[in-house]
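The values are calculated or read from the model by the stated rules, or taken from the named source; none is laboratory data. Owing to the predicted nature of the structure, the values given are computational and were not obtained by experimental measurement. Because the Cβ atoms are built from the backbone with ideal geometry, glycine has one as well, and the counts that use them run over all protein chains shown. Only protein heavy atoms, including side chains, enter the accessible area calculation; ligands, DNA and RNA are left aside. Shrake-Rupley method; radii C 1.70, N 1.55, O 1.52, S 1.80 Å.
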Amino acid sequence: MLIEVACRLPVTYASSSLFSMLIDGINWLAKAVDICVPCNHRKFKLSDVEKVLGQYQRIKVSFPLMIDQLHSAIKKHNLWLEQVHLFFNLKPGDRSWILLLELKESGNTDAFNCPVLDMVSSEIQKVEQWKQCCKDIAGTSVGDVETLVHALSELKKTLDRSLHIYSSSKGCKERELCIHCSCTFEDQEFLTCSVCNDWYHLQCKGPTLDDTNYAALYVCRYCHFLESGKISRNGGSPSMLGGKRAELNKLIQLLSDAEDFFVWIEERSILCQMVKRALSCKASLTEVVNFALAYHDEDLSTIAAKLSTAMKAIEAAGVSDHQGNSNFEQALARHSWRVRANKLFRDPQKPVIQQIQRHLKEGLALSIPLEDRFWQKLSDVKQICTQWADKARKVSMDSGALGLDKVFELIVEGENLPVHFEKELTLLRDRSMLYCICRKPYDQRAMIACDRCDEWYHFDCINLSSAPKIYICPACKLQTEDFYSSPTMTLDGSIGSKCEEPQTPSPRHREIRCKSRKPKSIAKRELPVTSDGSNISRRSSGIECLLWRNRKLLTRTARKRSQLESLSPFIYIQK
């Protein structure tokens, strides 16, 4: 401040040459002092210091102490540059992160502004940003941790446990370790899964529907999930596989970014080991998935064991691979489809055709290969059952065209199918019920029941236009009447007298008309003989009787039905 004020004073107050020397010396000293302050080194370059030393030759004032400080600053700067060059000439494994931080710290106080100092600062900034990204990715799997090294070490342990599970499935099983936590059973209670034979601490086992107090009946949650054939809402895998995990692709990218580092850091070394283990786990998972997707046999125990191992390994690992998990979920979905297809055939209750069709549609969405045994079995069953159902529907509406023995064969065939057809079998059983003198089924035609024998007759077969209150069929009437009591009576008269009555209910409501009746004794009447043709009249009347007897087999259809029922257990008779 004083120098600036002095520079503006009139020259008449002091000697011009002395004042100029004093002002130049003080200006130089101010620059030198500013340079020598350690915190200001970044503001100046080495050329600026050399320029200030060159200006010292032109001033008339001597500052030996300041000159020594400037030379010392230059010496420290050069010494720091030598240390940096020695650091970068070391082997990559010897360039420690601690040494680089020390170089940066000493460079902030000893080095002037130079490209080497910028390079050191840039390298440190790059490494610190990399560490922060690594902590953000890895920290999601292990919770809050103090250091990145600890977080990566915990992740590496989970991958070691996952690899141990894969190796155990190949015959290298260590039975003294818990499959969940990989810890020993030192005075701790444990259970053994009755399916996969893996051991679990009581506090490690998850809830399962098959869990009991007896170790011999315990089924782990992995085996229970696979045996149930269920598909979880979170993508085909059980809820135990949820939660945030470090993505393998991001870890690989972090490792790739760390290849440009000039310094060796412990985190990079652990990350490299992690990625190797994670890739080994991925290869093992890929092997299981490829085996599962290419598996087409009916024995599901082999594939279930491999999928169970993969589920345990995926849950144990703190690193996830999105593509690998997607393929594994597809394998789980196909296995679930096969389990449910197997249950359709082994369930005591037969499935309906709609269940078969829905399951085939689901298999089509899952891209089940055509050579899959369950797909082939379901397709064959669908084809056979569909053909039978179409034939059954046609026969049920053929108005009795097909013989009764063929209908019974069709019923037996339907009952032996692996699919239940309630509607079609009911229609066929109704179709096997023969009525009337025509010996044909109900066929949705108007019918009337005899009040004596309970046989049903089609209106059109007996020339009946409406249903009477009481109807006695001609067969029952002819049996009770005296064949020769009334020679003047004709068959047309006996039938025509009963043919004009109101409509009757269908055979499905026969129970309404089937009341217990006490047979009435009917006096035998003799048919009068005409003077000019008694023999003809009796012969005609006898032919008509035989006609009725021949068309209505064994005279009484109720008895005929009982005999048919005794001949075949598959004949359905409405009662």
**OP:** Return yes when S153 is among the polar types (S, T, N, Q) and over 30 Å from A317 (Cβ atoms) and no when it is not.
**Re:** no
Original post:
Can A6 be described as aliphatic (A, V, I, L, M), modelled with pLDDT of 80 or more, over 17 Å from N78 (Cα atoms) and open to solvent by less than 100 Å² (accessible area, probe 1.4 Å)?
Top reply: no
Original post:
What is the residue count in the stretch 288-321 for residues that are part of a helix (DSSP H, G or I), touching a residue at least 24 places away in the same chain (Cβ under 8 Å) and closer than 19 Å to S228 by Cβ?
Top reply: 13
Subject >> Checking T490 against (1) β-branched (V, I, T); (2) under 18 Å from C438 (Cα atoms); (3) at pLDDT below 60, the condition it does not meet >> reply: (2)
Original post:
Counting only residues that are crowded, with 16+ Cβ neighbours inside 10 Å and part of a helix (DSSP H, G or I), how many does the stretch 113-127 have?
Top reply: 7
**OP:** For the stretch 45-99, name all the residues that are modelled with pLDDT of 85 or more and not in a helix (DSSP H, G or I).
**Re:** N89, L90, K91, R95, S96
Original post:
Any idea which of (1) under 30 Å from D443 (Cα atoms); (2) surrounded by fewer than 18 Cβ atoms within 10 Å (Cβ to Cβ); (3) touching an Asp or Glu at 6+ places or on another chain (Cβ under 7 Å) is the one E409 doesn't satisfy?
Top reply: (3)
Original post:
Across the stretch 275-331, which residue is least open to solvent (accessible area, probe 1.4 Å) among those that are under 18 Å from E371 (Cβ atoms) and among the hydroxyl-bearing types (S, T, Y)?
Top reply: Y295
Original post:
Given the conditions (1) open to solvent by 80 Å² or more (accessible area, probe 1.4 Å); (2) under 26 Å from S122 (Cβ atoms), which single one is not true for I74?
Top reply: (1)
Subject >> Search result, residues across the stretch 440-462 that are in contact with a Leu (Cβ under 7 Å, 6 or more places away or on another chain) and either within 26 Å of K391 (Cα to Cα) or assigned to a helix (DSSP H, G or I) (or both) >> reply: K440, P441
Original post:
Pairs under 8 Å by beta carbon, first residue of a type in the set (A, V, I, L, M, F, W, C) in the stretch 40-59, partner assigned to a loop (DSSP other than H, G, I, E, B), six or more apart or different chains?
Top reply: F44/F112; L46/F112; L46/C114; V49/F112
Original post:
D34: closer than 24 Å to D118 by Cα, in a helix (DSSP H, G or I) and open to solvent by 50 Å² or more (accessible area, probe 1.4 Å), yes or no?
Top reply: yes
**OP:** Give just the number: which of (1) surrounded by 15 or more Cβ atoms within 10 Å (Cβ to Cβ); (2) within 30 Å of Q444 (Cβ to Cβ) does I384 not satisfy?
**Re:** (1)
Original post:
Any residue at all in the stretch 346-354 that is among the polar types (S, T, N, Q), surrounded by fewer than 19 Cβ atoms within 10 Å (Cβ to Cβ) and part of a loop (DSSP other than H, G, I, E, B)?
Top reply: yes
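Kindly indicate which of L370, L428, L364 is of a type in the set (A, V, I, L, M, F, W, C), part of a helix (DSSP H, G or I) and open to solvent by 80 Å² or more (accessible area, probe 1.4 Å).
The conditions single out L364.
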Original post:
If you take the residues in the stretch 399-423 that are assigned to a loop (DSSP other than H, G, I, E, B) and in contact (Cβ under 8 Å) with a residue 12 or more places away in the chain, which one is nearest to R358 (Cα to Cα)?
Top reply: V419
